Structure formats: C-alpha cells, structure tokens
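*Asks:* Dropping a structure here in structure tokens format, bear with me for questions.
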Amino acid sequence: MTAENPTSRRDSTSIRGFLVLSRLPFLLPGLASFITGLLIAVGFGHDPDAGLSWMCVIGLALIMLTTYYFNEYFDYEGDRINKTFTKFSGGSRALTDLDIPRPVARLAGWSSIGLLMVIALVYLFLHFEDYPLLLPLALFGAFCGIFYSHPPFQWAYQGIGEIMIGGCYGILAMVSGFYVASRELNLDIVLVSIPASLTIFGVIVANEFPDYEADKAVNKRNLMVRLGLKKGSLVFVAAMALTYPFMAASIAVGISPWILVFGLPVLLFCAVSIVETLKGGYEKPASQTRIAAATLLANLLSSLMFVPVVLIW
C-alpha cells in the first residue's frame with residue numbers, strides 16, 4: 001500500500017477550499033438577469049456584439065466574485081461563531097472549516113478587481129465609443145459590490161445591503177444586458193427586471209434567518225437584525241408576494257401574455273416560501289433551508305422565464 005502524500009492532500013484541499021470560497025453557484029442570479037436582458041434585446045430584433053457580450057459576462061462574474069471574497073473576509077468573526085447556518089447561509093465556510101487562510105479571501109478580492117480593470121481597459125479601447133453608457137453602469141455595480149462588506153461603507157452592515165443587491169442583481173444587470181445588445185437604455189426593461197430584484201432581495205433576507213443570532217452578536221446590523229425576525233419575515237413575504245404580479249405587469253410594456261403561463265413556476269416557488277415563512281419556518285432549521293431553496297429557484301426563473309416568451313412569442 002502506498003502512503004498518502006500529506007502535501008498532495010493539503011494542496012487538493014486548498015484547491016477545493018478556494019472553489020468553495022468562490023461560491024460559484026451564486027454567480028447564477030446576476031448572470032441570469034444579464035443574459036435575460038441581452039436575449040430580450042435579441043428577441044426585439046437587436047444583434048449583440050459577441051466579443052463585448054462575453055467581456056461583460058466575465059466582468060460581471062468578477063464583480064460578484066469580488067463581492068463574495070470581501071464578504072467572506074469581513075464576515076469571518078460572525079461566520080466563526082455561527083452554529084445555526086444552513087447550506088445557503090453562514091458564508092462558504094471555506095475560511096472557518098477548510099484549509100483556506102483568511103487573508104486569501106482579501107487577496108482574491110483585490111485580484112478580481114485587478115482582472116476587472118484589465119477588462120475595463122480593453123473595453124475603453126475597443127467599445128467605449130459605441131457603448132459609452134456601459135462604463136457608468138459597470139462602475140456603479142462595482143462600487144456597490146466592492147463596498148457591500150468592505151469599509152468604509154459596508155452596506156451589508158448598514159441595513160441597505162439587501163436593497164443594493166436587489167437593485168444590482170436584478171434591475172442593473174438586466175438593463176445592462178439589454179443595453180449591450182441594443183445600445184439603448186430602455187426603461188421598459190426596468191419593469192421586466194423588478195421580479196428578479198424582488199426575489200434576489202428575498203434570497204438575501206431568507207439567508208439572514210439562520211444567521212440572525214451570529215449577525216447580532218458581531219453587530220452586523222443588516223435588515224434582519226434591525227427589524228427582528230418577525231418583522232423581517234413579513235418584509236420577505238411582501239417581496240415574494242409582489243413577484244408574480246410584477247411579472248404580469250410586464251405585459252403593459254410589450255411582453256407577451258404567455259408570461260402569465262411561464263411565470264407559474266415562479267408563483268409556485270414564491271408560494272412555497274411564503275407559506276413556510278408564515279408558518280414560522282423562519283425560526284426552524286429545516287424550514288429555513290426549504291425557504292432559501294425555493295426563493296433561489298424563484299429568483300432564477302423570475303428572469304429566465306422571460307426568455308422563451310420573448311424569443312418564441
């Protein structure tokens with residue numbers, strides 16, 4: 001029998017730990033909104049620049065990764081004492097439970113910013129003249145993401161981080177996707193993107209249910225800590241309850257009435273999260289996981305369900 005190489009095992013664990021730290025599945029909400037906006041523009045007859053589109057996808061992913069890395073670094077103390085986390089909350093656990101030193105998260109955040117700056121320079125040389133408004137859109141998204149957890153602003157600690165994530169992962173991402181394909185800032189897309197904003201807001205709030213005590217202990221005064229679990233759960237319910245009505249309202253700006261049918265899975269997942277929450281599930285670990293899972297699925301579908309409606313009907 002060959003003895004196991006400790007160095008090889010440690011390297012393997014570190015690679016796995018870094019992938020866990022990156023929270024790659026949580027790139028999907030922002031990317032889904034951006035791609036939906038881009039494909040809605042295609043459905044309306046626009047022809048996107050493939051190279052710029054891919055640059056934007058990579059740039060958006062880097063902004064989200066920067067947000068996650070800094071969040072892991074600055075939330076370390078709260079994550080370390082958190083004993084009630086679920087698979088959706090409490091951070092990635094890469095710093096607390098795996099072989100990833102805490103400074104790696106901060107270094108990864110700044111490295112992501114460096115790569116983002118390289119992409120920005122390429123954009124400035126090749127595409128700025130044709131897409132000038134993409135720069136302020138990207139800068140605003142980067143500003144919100146970087147300072148979501150990073151001082152001096154730390155939006156996540158001020159009770160407005162949830163709202164900023166809702167705006168950036170929904171409205172900003174989808175409007176930007178539409179702009180990249182059409183070169184137009186179409187305000188009608190704002191209405192189409194509101195369901196994605198409401199549900200990603202819901203995702204963040206749902207993940208704060210199990211983290212409530214740990215966040216409170218380290219004075220992370222997010223929306224849930226400021227409102228308390230009971231009032232915070234009602235804000236969550238309100239956001240989820242408004243999602244399908246806003247999907248239906250998109251008919252007023254030219255979206256096919258088929259969205260009423262394609263939006264039914266979103267309605268179902270929203271209903272599941274609402275019912276579980278109203279039954280007191282925001283305080284029960286098993287229910288907290290179901291609420292978070294249903295809310296995340298509602299978020300992804302609240303944007304992606306517009307794609308077949310626009311492209312086919």
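Here, each number is a calculation from the coordinates, and none is a lab measurement. Quick caveat, the model's predicted, so the values are computed rather than measured. Because the Cβ atoms are built from the backbone with ideal geometry, glycine has one as well, and the counts that use them run over all protein chains shown.
*Asks:* Taking Cα pairs under 8 Å and at least six residues apart, what relative contact order does the range 20-312 come out at, in percent?
*Replies:* Worked out over the range 20-312, it gives 25 percent.
*Asks:* Please give every one of the aspartates and glutamates within straight-line cross-link reach of Lys284, meaning a C-alpha to C-alpha distance under 18 Å, and leave out same-chain neighbours fewer than 8 residues apart.
*Replies:* Glu208, Asp211, Glu213, Asp215, Glu276
*Asks:* So between Leu278 and Gln154, what do we pick up on full extension, going 0.36 nm a residue minus the alpha carbon distance?
*Replies:* 41.6 nm
*Asks:* Just to verify a number: FRET efficiency for Asn219 and Ile163, C-beta to C-beta distance, R0 = 25 Å, to 0.05?
*Replies:* 0.80
*Asks:* From the phi of every residue in the range 261-269, what ³J(HN,Hα) in whole Hz does the Karplus formula 6.51 cos²θ - 1.76 cosθ + 1.60 yield, where θ is phi - 60° and glycine or proline is x?
*Replies:* 7, 5, x, 4, x, 5, 4, 4, 5
*Asks:* Helix-derived [θ] at 222 nm for the chain: sum -39500 (n - 2.57) over DSSP H runs of at least 4, divide by residue count, nearest 500?
*Replies:* Taken over the chain, the calculation gives -23000 deg cm²/dmol.
*Asks:* Just going by the charge dipole of the chain, with Lys and Arg at +1 and Asp and Glu at -1 on Cβ, which of Gly109, Met64, Pro285 is farthest out on the positive end?
*Replies:* Pro285
*Asks:* What is the distance in Å between the Cα centres of the range 184-221 and the range 62-114?
*Replies:* One Cα centre to the other: 18 Å.
*Asks:* Right, something else. Compute, for the chain, the length of the dipole vector about the Cα centre, with Cβ point charges of +1 (Lys, Arg) and -1 (Asp, Glu) only. Units Debye, rounded to 20.
*Replies:* It comes to approximately 900 debye.
*Asks:* I'm spelling it out carefully: the read-out is Cα Rg over 2.2 N^0.38 Å, the candidates are [x] 1.29; [y] 1.02; [z] 1.10, and one was derived from this structure. Which label?
*Replies:* Answer label, from the structure shown: [y].
*Asks:* Within the range 89-142, list the chymotrypsin sites (Phe, Trp or Tyr not before Pro) lying in a DSSP loop whose Cβ has at most 15 other Cβ atoms in a 10 Å radius.
*Replies:* Hits after loop and neighbour filter: Phe128.
*Asks:* Right, something else. Any chance you could tell me what percent of the C-alpha pair distances in the range 64-126 go past 13 Å?
*Replies:* Beyond 13 Å sits 65 percent of the P(r) for the range 64-126.
*Asks:* Could you tell me how far the Cα centroid of the range 22-61 sits from the Cα centroid of the range 231-259, in Å?
*Replies:* What the calculation gives is 22 Å, centre to centre.
*Asks:* Mind checking which lysines have their Cα closer than 22 Å to the Cα of Lys279? Skip sequence neighbours fewer than 8 apart in that chain.
*Replies:* Result set, ordered by chain and number: Lys87, Lys230, Lys231.
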